[in-house]
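These notes concern the structure reproduced below.
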Amino acid sequence: MIFKYIKTAWRNLKKSKFYTAINIVGLSISIATAIMILLWVQDEISFDRFHKDYKQIYNVHNIWKGGGKENISSNTPGPVAFYAKDVPAIASSVRIAREYSGIIRLKNQKDSYTGLSMAYADSSFFNFFSFPLLQSSKPNLLTNIDEVTISEALSQKLFKGEDAIGKMILFEKTPFFVTGVFVDMPQNSTLRYDAIFPMTYRAKIFTENGGNGSWKTIDEDLGNYSFDTYFKLTPQANPDQAIAQINNSYIKAREGNKNTIFKLGSLADKHLIDPDGNKSALRMVQIFGAVALLLLFIGAINYVNLATARAMDRAKEVSIRKIVGASVNNYFFNLWPKPS
């Protein structure tokens, strides 16, 4: 019986080639276009949501007064994370400082690698974020001043598939030993690095270079806004109350100067909402999502309209089937599959 339905449908498709082509092509294009747009929308809204407890992770923004207006950025001084130790609502914190230059190479090779995305991070980095490790020589990484963790892709470039753990690389002529290899950070992450060095190394260089005036360590330097600071709050914590305690500690350290304060921005919103609250990227994603749904609706309406317009051409067939005693189910299975 099913074979007969398929055979009848095929005959009708061949009989009305023009209308069949319009129906199938129109509906196919609208569905395909909508799927591609929705896949892009899904990718955009998925940024940073693969981290465990991502709803509790916040990026610290600083707001300062200058030029007669308030300015905002996502950079903070080092001590902001240090103050978090005294705030019960903050479960953990991590600082990241980008390294915008530098050359990595192996001691016994002349080849050097530039243009890499590198950063310094606190030892809590891999416990704080959910970046899987392929190899690790110890439970807690980035605790020693001379260690480095590298991505799977960089490991392949440097060591050609050999075990990277324990191998030495040179960064600006300084030797570092590989203690971990992490899975390449995904495309839908706002944090994407090829190599991560310990923050203790940056702190050592800072102190050796004389610090910044009276501030001799990065944990007390309030004048260098070069860190991205992240807090992971406890499940019941109030973000406003948590950052208020950070602000109190900062203002106290600044001897009452309130020109700069801090606020928290959700990690889940970082990709689509700027620190100043600009939602243009989010609005663009929402518009494209609405366009995809509209395309599906228009394609379905066009399909139904054309099918309805051709319904009268099937009236004679339906009448004959009714006369010979066809059931309602028979009508349905004969008419439903046909776009003509």
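The values are calculated or read from the model by the stated rules, or taken from the named source; none is laboratory data. It should be emphasised that the depicted structure is a prediction, and the values quoted were computed from it without experimental measurement. As a convention, Cβ positions derive from the backbone with ideal geometry for all residues, glycine included, and neighbour counts pool all protein chains shown. Each accessible area value is taken on the protein alone, full model and side chains, heavy atoms only, with ligands, DNA and RNA left out. Shrake-Rupley method; radii C 1.70, N 1.55, O 1.52, S 1.80 Å.
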task: Write out, first by first residue and then by second, each pair whose Cβ atoms fall under 7 Å of each other, whose residues are 6+ apart or on separate chains, and whose first residue, in region 250-266, is within 24 Å of Lys55 (Cβ to Cβ) while the second is in a strand (DSSP E or B) and open to solvent by 50 Å² or more (accessible area, probe 1.4 Å).
output: none
- line: Restricting region 51-63 to residues that are hydrophobic (A, V, I, L, M, F, W, C) and either modelled with pLDDT of 95 or more or loosely packed, with under 15 Cβ neighbours inside 10 Å (or both), the one farthest from Gln187 (Cα to Cα) turns out to be Val60
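Condition check ((1) within 17 Å of Asn140 (Cα to Cα); (2) among the β-branched types (Val, Ile, Thr); (3) free of Cβ contacts under 8 Å to residues at least 24 places away in the same chain; (4) open to solvent by 60 Å² or more (accessible area, probe 1.4 Å)) across all residues:
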site: Val178; (1), (2), (3), (4): yes, yes, no, no
site: Asp184; (1), (2), (3), (4): no, no, no, yes
site: Tyr201; (1), (2), (3), (4): yes, no, no, no
site: Thr207; (1), (2), (3), (4): no, yes, yes, yes
site: Gly210; (1), (2), (3), (4): no, no, yes, no
site: Ile218; (1), (2), (3), (4): no, yes, no, no
site: Gly223; (1), (2), (3), (4): no, no, no, no
query: Taking region 254-280 on its own, how many of its residues are open to solvent by less than 40 Å² (accessible area, probe 1.4 Å) and part of a helix (DSSP H, G or I)?
result: 2
field: Unmet requirement for Ile169, which otherwise passes all of (1) open to solvent by 10 Å² or more (accessible area, probe 1.4 Å); (2) at pLDDT below 95
entry: (1)
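Can you tell me which residue in region 116-144 is most open to solvent (accessible area, probe 1.4 Å), limited to those that are among the hydroxyl-bearing types (Ser, Thr, Tyr) and not in a loop (DSSP other than H, G, I, E, B)? Can you show your working first?
Keep residues of region 116-144 that are among the hydroxyl-bearing types (Ser, Thr, Tyr), which gives 117, 120, 123-124, 130, 136-137, 143.
Now narrow it down to the ones that are not in a loop (DSSP other than H, G, I, E, B): 120, 136.
Details: Tyr120: 14, Ser136: 57 Å².
Here the answer is Ser136.
Kindly establish whether Ile287 is open to solvent by 60 Å² or more (accessible area, probe 1.4 Å) and either at pLDDT below 90 or within 30 Å of Lys17 (Cα to Cα) (or both).
Values: open to solvent by 60 Å² or more (accessible area, probe 1.4 Å): yes; either at pLDDT below 90 or within 30 Å of Lys17 (Cα to Cα) (or both): no.
When the stated conditions are applied, Ile287 does not pass them.
Please tell me if Lys85 is outside any loop (DSSP other than H, G, I, E, B), loosely packed, with under 15 Cβ neighbours inside 10 Å and either of a type in the set (Gly, Ala, Ser) or at pLDDT below 90 (or both).
Working: outside any loop (DSSP other than H, G, I, E, B): yes; loosely packed, with under 15 Cβ neighbours inside 10 Å: yes; either of a type in the set (Gly, Ala, Ser) or at pLDDT below 90 (or both): no.
Here the answer is no, as Lys85 does not meet what is asked.
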field: Every pair of residues 6+ apart whose Cβ atoms lie under 7 Å, when the first sits in region 76-88 and is within 13 Å of Ile261 (Cα to Cα) while the second is buried (at least 23 other Cβ atoms within 10 Å of the Cβ) and hydrophobic (A, V, I, L, M, F, W, C)
entry: Thr76/Val60; Thr76/Phe227; Pro77/Phe227; Val80/Val60; Val80/Ile246
query: Do you know which of the residues in region 186-199 that are touching a strand residue (DSSP E or B) at 6+ places or on another chain (Cβ under 6 Å) and part of a loop (DSSP other than H, G, I, E, B) is surrounded by the most Cβ atoms within 10 Å (Cβ to Cβ)?
result: Tyr193
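So, in region 145-166, of the ones that are among the small types (Gly, Ala, Ser) and part of a loop (DSSP other than H, G, I, E, B), which residue ends up least open to solvent (accessible area, probe 1.4 Å)? So that I can check it myself, show each step before the final result.
Initially, region 145-166 is screened for residues among the small types (Gly, Ala, Ser), giving 151, 153, 155, 161, 164, 166.
From what's left, part of a loop (DSSP other than H, G, I, E, B): 161, 164, 166.
Values: Gly161: 59, Ala164: 0, Gly166: 49 Å².
The qualifying residue least open to solvent (accessible area, probe 1.4 Å) is Ala164.
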task: List every residue pair whose Cβ atoms sit under 9 Å apart, with the two residues 6 or more apart in sequence or on different chains, where the first one lies in region 54-70 and is more than 22 Å from Ala244 (Cβ to Cβ) and the second, anywhere, is exposed (fewer than 12 other Cβ atoms within 10 Å of the Cβ).
output: Gly66/Asn259
task: Search region 90-115 for residues being part of a loop (DSSP other than H, G, I, E, B) and either open to solvent by less than 10 Å² (accessible area, probe 1.4 Å) or in contact (Cβ under 8 Å) with a residue 60 or more places away in the chain (or both), and hand back the single one that is nearest to Val60 (Cα to Cα).
output: Gly102
- prompt: Which one is nearest to the chain's Cα centre (by Cα), of the residues in region 225-253 that are open to solvent by 70 Å² or more (accessible area, probe 1.4 Å) and closer than 16 Å to Pro88 by Cβ?
  reply: Pro235
